[in-house]
Amino acid sequence: MALAAGATFFAAQTAEAADKTLTIYTYESFTADWGPGAKVKAAFEKTCGCTVNYVSVTDGVALLSRLKLEGAGTKADIVLGLDTNLVDEAKDTGLFDKSGVDTSALKLPGDFKDDVFVPYDYGHFAVIYDSQTVKNPPKSMKDLIEGDPSQKIVIEDPRTSTPGLGLLLWVKSIYGDKSADAWAKLKGRILTVTPGWSEAYDLFTKGEAPMVLSYTTSPAYHMIEDKTDRYQAAAFSEGHYIQIEVAGLIKSSPNKELARDFLKFMISSGFQDIIPTSNWMMPVSATSEPLPDAFSKLVVPSKTFLMSPADVDKNRKAWIDEWLAATSGN
């Protein structure tokens, strides 16, 4: 009788967990066929007895914009894919709750710590070039800005994408008050500005332009998946701006315990093992196996730029307006 009662209770618990769906808002490259989304979903569902449901938009900035539009009525339990440049603006919405996750053991470039957002990977922005086309790649931001205007670059829009915003902050970190002049000079080398990273990188790999704004880790993808070192990152003497990607818990989530379990899972090896060779970014904590050899061949920036979230929140609109004015028109 006791055994029967126990079996009934266990079955009820399992059925209850199986009925739960964790809704994660994220960006499209995370859920793309080649991205980490499917593996992360399978790995977490093994532990939670729940269903992970992704809702994806173009890029990280677009993700925050959608969240603002939805407000307290959002269906998201977790938002995954913002970065440190957006966390203060995200907190200003009042939609996020403290994570409850101990991240004190994580060691990140820039020493980012936060009690709301949990970092899950990072990477330095870089100009990726096609070595079959570009024989003298830029060795600095100055080289990029003042270089041959016939060799074009595809960049992302800072209004909709985190890489686009990252480039904006990278230029601002180097040029400060003279950033508008730098953008005006760079304008002649820009083939097009895309809403997100995926569109930009797709144009680059199709040969539409010999350079694209991406990450120092991007060549690892080509070395491992395509077996080629054709695509390389240009090492800039001034240093590189870093992106630290984060996820946060929505205050109105009806599945907070489950959501917190996912946030804890993000900094475990079960999640971190997936990141380097699917999201092609650096892990924030130990992986169960050493990274592939290709990662030892990547550019290591001599200096890391990272602005405080408060500075970005305070100035983002003005700096985007400056970028628009400098790059639009003739």
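The values are calculated or read from the model by the stated rules, or taken from the named source; none is laboratory data. Since the structure is predicted, the reported quantities are computational estimates derived from the model, not experimental observations. Positions of Cβ are generated from backbone atoms using ideal geometry, with glycine treated the same way; all protein chains shown enter the neighbour counts. Keep in mind that these areas ignore ligands, DNA and RNA; they rest on the heavy atoms of the full protein, side chains included. Shrake-Rupley method; radii C 1.70, N 1.55, O 1.52, S 1.80 Å.
Just one of the listed residues (Ser99, Ser131) is of a type in the set (Gly, Ala, Ser), in contact (Cβ under 8 Å) with a residue 40 or more places away in the chain, more than 30 Å from Leu249 (Cα to Cα) and surrounded by 14 or more Cβ atoms within 10 Å (Cβ to Cβ), namely Ser131.
The set of residues from segment 196-221 being open to solvent by 10 Å² or more (accessible area, probe 1.4 Å) and at pLDDT below 95 comprises Trp197, Ser198, Glu199. Give just the number: which of (1) within 21 Å of Val52 (Cβ to Cβ); (2) open to solvent by 40 Å² or more (accessible area, probe 1.4 Å) does Leu258 not satisfy? For Leu258, the exception is condition (2).
The residues of segment 138-154 that are touching a helix residue (DSSP H, G or I) at 6+ places or on another chain (Cβ under 8 Å) and under 22 Å from Met223 (Cα atoms), listed by number, are Pro138, Ile153, Val154. Return the residues of segment 261-276 that are open to solvent by 10 Å² or more (accessible area, probe 1.4 Å), part of a loop (DSSP other than H, G, I, E, B) and of a type outside the set (A, V, I, L, M, F, W, C); say none if nothing qualifies. The answer is Ser268, Asp273.
So is Ser296 in a loop (DSSP other than H, G, I, E, B) and either at pLDDT below 95 or open to solvent by 50 Å² or more (accessible area, probe 1.4 Å) (or both) or not? Spelling it out, it is not the case that Ser296 is in a loop (DSSP other than H, G, I, E, B) and either at pLDDT below 95 or open to solvent by 50 Å² or more (accessible area, probe 1.4 Å) (or both).
Taking segment 173-260 and the helices (runs of 4 or more DSSP H) fully enclosed by it, the elements with 1 or more residues that are aromatic (Phe, Trp, Tyr) and farther than 27 Å from Ile275 by Cα are at 179-186.
Number of residues in segment 2-42 that are among the hydrophobic types (A, V, I, L, M, F, W, C), open to solvent by less than 60 Å² (accessible area, probe 1.4 Å), at pLDDT 55 or above and farther than 14 Å from Val52 by Cβ equals 1. Residues of segment 299-330 that are in contact with a strand residue (DSSP E or B) (Cβ under 8 Å, 6 or more places away or on another chain), surrounded by fewer than 16 Cβ atoms within 10 Å (Cβ to Cβ) and part of a loop (DSSP other than H, G, I, E, B): Lys303 alone. All conditions in (1) touching a residue at least 60 places away in the same chain (Cβ under 8 Å); (2) of a type in the set (Asp, Glu); (3) open to solvent by 50 Å² or more (accessible area, probe 1.4 Å); (4) within 25 Å of Ala235 (Cβ to Cβ) hold for Asp92, with the sole exception of (4).
Could you check segment 108-124 and list, in sequence order, the residues that are in a loop (DSSP other than H, G, I, E, B) and either surrounded by 21 or more Cβ atoms within 10 Å (Cβ to Cβ) or without any contact (Cβ under 8 Å) to a residue 60 or more places away in the chain (or both)? Once the filter is applied, which keeps residues that are in a loop (DSSP other than H, G, I, E, B) and either surrounded by 21 or more Cβ atoms within 10 Å (Cβ to Cβ) or without any contact (Cβ under 8 Å) to a residue 60 or more places away in the chain (or both), segment 108-124 yields Asp111, Phe112, Lys113, Asp115, Phe117.
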